[in-house]
Amino acid sequence: MSTEPTGDGTPAPGLDRTLGLRSVVLFGLAYMTPLIVLGTFGVVADATHGAVPVAYALALVAMLFTAHSYGRMAATHPVAGSAYTYVTRAIDGRVGFLVGWATLLDYFFLPMVIWLIGASYLKAEWPGVPLWVWVLGFIVLTTALNVRGIKTAERVNDLLMVFQVLVIAAFVALSARHVVELHGGGGLADATPFWNSASTVSAVSAGAALAAYSFLGFDAVTTLTEETLEPRRTMPRAILLIALIGGGIFVLVAYVTQLAHPGSHFDDTGSAAFEIAKAIGGDVFSSVFLAGLVVAQSASGIAAQASTSRLLYAMGRDGALPSRVFGRIHRRFRTPACNVLLTGAVGLIALTLDVATSTSFINFGAFTAFTFVNLSVLATFVRERRAGRTPGVAGYVVAPLIGAGVDVWLLAHLDSRAVELGLAWLVLGILYLAWLTRLFRRPPPTLDFSEGDEPGAAADA
């Protein structure tokens with residue numbers, strides 16, 4: 001274990017630097033949950049009028065430029081953190097706080113979207129069971145596990161990744177076989193999935209804004225910076241590879257799936273891939289696919305809810321949120337139980353939303369964070385030039401400008417209700433920040449995401 005000197009000169013334990021490029025990339029891909037491209041296929045197909053792969057290709061371009069900016073900031077600030085840390089250090093603590101506030105909207109809604117997608121597919125298999133039963137089942141199961149502190153998702157990451165890859169490979173192979181049986185080998189070279197008579201720039205842009213949901217998580221590996229070997233070199237490469245490999249998988253799977261099912265008409269867009277799975281592989285494969293997707297959604301839901309509750313705890317512990325509520329630890333289970341229950345309660349909103357709208361809520365905060373990470377690179381360029389250094393214009397100006405521009409463009413094409421909610425959430429954040437800083441006369445709270453419970457954290461009676 002590495003050590004760093006404390007204030008009195010005594011070495012303090014630090015994180016072990018043991019992760020190489022391969023390990024970081026695999027972690028990032030597992031976090032992205034590659035099977036999600038099929039989980040949201042129907043809503044993207046509906047938005048693009050049957051041009052899903054081009055939506056993913058556009059989202060990939062946006063993510064690659066943004067991933068480049070994340071890599072730059074990870075190399076400049078090789079510490080555990082993400083958008084909040086980078087914007088705080090490169091631009092301003094108040095701006096960083098608001099970016100973190102916008103990202104908090106993602107954390108609140110991410111478990112809800114995961115549960116809603118899983119519930120939609122279960123309802124497609126058992127239509128006689130109301131959707132609310134499945135949603136409530138997911139919420140109760142994951143909330144109970146997280147209150148007790150069970151970290152199931154972390155322990156099965158590798159196994160889950162293998163299972164997902166096998167299900168995806170089988171889905172692609174069966175889709176290709178289905179196309180060949182109907183149209184011959186030439187059917188696999190059809191360009192219609194990329195553009196058809198119903199395609200429009202506006203529709204594809206709206207689809208890309210939804211498709212970007214599948215990429216969420218490529219930036220999560222920045223939290224491993226302090227455990228990575230040669231982070232200034234490894235982390236930028238890993239972030240780009242995760243976005244590129246994940247995006248390549250998404251485009252390929254979307255293309256073959258769109259060939260197997262041209263157009264955008266489904267009995268239920270929320271569970272479209274289940275309908276396709278049954279058409280290309282029969283009842284047996286559709287059951288395997290459903291099992292794979294539900295297992296993936298369950299594990300993702302546990303991890304997302306745990307992450308949300310920990311973020312709320314960190315904000316409560318450090319004074320960014322009321323500590324008597326958010327900074328409390330359950331005396332028996334040693335978990336932020338109140339925050340876990342709150343996240344579960346927010347998940348009940350899924351009963352009033354569809355997959356497309358709820359996904360847009362997630363992407364509002366993501367695109368806001370992505371935009372400001374790109375702007376952080378520009379701010380770093382200005383700071384470096386003032387210090388007499390000359391960073392490359394292509395990497396520090398051109399690439400982040402393109403990334404920020406595409407992110408704002410996609411942000412503008414989100415569901416209008418998501419944009420309205422996101423803007424209202426930001427206004428609330430500005431008002432709250434004004435109260436915390438006594439009308440901006442004091443610096444905002446600095447969040448500490450270090451592991452472990454801090455001394456003085458409140459505990460439930």
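The values are calculated or read from the model by the stated rules, or taken from the named source; none is laboratory data. Small disclaimer: the values here were computed from a predicted structure and weren't measured. A quick note on method: Cβ atoms are made from the backbone with ideal geometry, for glycine too, and the neighbour counts reach across all protein chains shown. For the accessible areas, the whole protein counts, side chains as well, though only heavy atoms, and no ligand, DNA or RNA atoms are used. Shrake-Rupley method; radii C 1.70, N 1.55, O 1.52, S 1.80 Å.
On a per residue basis, region 158-285 carries 43 Å² of accessible surface, using protein heavy atoms and a 1.4 Å probe. In the set [x] 21.6, 68; [y] 24.1, 80; [z] 22.2, 75, the label that goes with Rg and Dmax of the Cα atoms in Å computed for this structure is [z].
Net charge around residue 281, counting only other residues with Cβ within less than 13 Å of its Cβ (Lys, Arg = +1; Asp, Glu = -1)?
Neighbour charge sum, excluding residue 281 itself: -1.
Selection among 252, 290, 32 by position relative to the dipole of the chain gives 32 as farthest towards the positive end (Cβ unit charges, Cα centre). Using the Cβ-Cβ distance between residue 61 and residue 133 with R0 set to 45 Å, the FRET efficiency works out to roughly 0.65.
For the chain, carbon and sulfur atoms together expose 65% of the accessible surface, with a 1.4 angstrom probe and every protein chain in place.
Placing pseudo-labels 7 Å out from each Cα toward the beta carbon at residue 325 and residue 237 gives an inter-label distance of 4.7 nm. Calculated accessible area for region 38-101 comes out at 23 Å² per residue, all protein chains present (probe 1.4 Å; ligands, DNA, RNA ignored).
Using just the helices of the chain, give the 222 nm mean residue ellipticity in deg cm²/dmol: DSSP H runs with n ≥ 4 each add -39,500 (n - 2.57), and the total is spread over all residues, rounded to 500.
Rounded to the nearest 500, it is -22500 deg cm²/dmol.
Electrostatic tally near residue 237: other residues with Cβ closer than 13 Å to its Cβ, Lys and Arg +1, Asp and Glu -1, net +3. In this Cβ point-charge picture (+1 for Lys and Arg, -1 for Asp and Glu), the chain has a dipole of about 1240 debye about its Cα centre.
What's the angle, to the nearest 10 degrees (0 to 90), between helix 416-436's Cα axis and the longest principal axis of the chain? Approximately 10 degrees, to the nearest 10. Take the alpha carbon gyration tensor of region 252-399, find the square roots of its eigenvalues, order them as a ≥ b ≥ c, and report rounded if a/c is under 1.5; if not, report prolate when a/b exceeds b/c, else oblate. Note, shape of region 252-399 comes out oblate. Take the Cα of residue 432, step 7 Å toward its Cβ, do the same at residue 144, and the gap between the two points is 3.1 nm. Find the relative contact order for the chain and round it to a whole percent, using C-alpha pairs within less than 8 Å whose residues are 6+ positions apart. Relative contact order here is 31 percent. Once you list every other residue whose beta carbon is under 11 Å from the beta carbon of residue 210, what net charge do they have if Lys and Arg are +1 and Asp and Glu are -1? Residues close to residue 210 contribute a combined charge of -2.
Computed from the Cβ-Cβ distance with R0 of 51 Å, the FRET efficiency linking residue 181 to residue 92 stands at 0.30. Segment residue 283..residue 191, full-extension length gain: 30.2 nm, with 0.36 nm per residue of separation and the alpha-carbon distance subtracted. Evaluated at q = 0.16, 0.21, 0.26 Å⁻¹, a Debye calculation over the C-alpha positions of region 27-67 (equal weights, vacuum) places log10 I(q)/I(0) at -0.47, -0.76, -0.97. Once all protein chains are placed together, residue 138 keeps about 10 Å² accessible to a 1.4 angstrom probe.
Model label sites at residue 291 and residue 440, defined 7 Å from Cα along the beta-carbon direction, differ in position by 5.7 nm.
To the nearest ten degrees, helix 52-76 and the longest principal axis of the Cα atoms of the chain are 20 degrees apart. Which number comes out as Rg/Rh for region 169-295 once both Rg and the Kirkwood Rh are worked out on C-alpha atoms? Over the Cα atoms of region 169-295, Rg/Rh equals 1.05.
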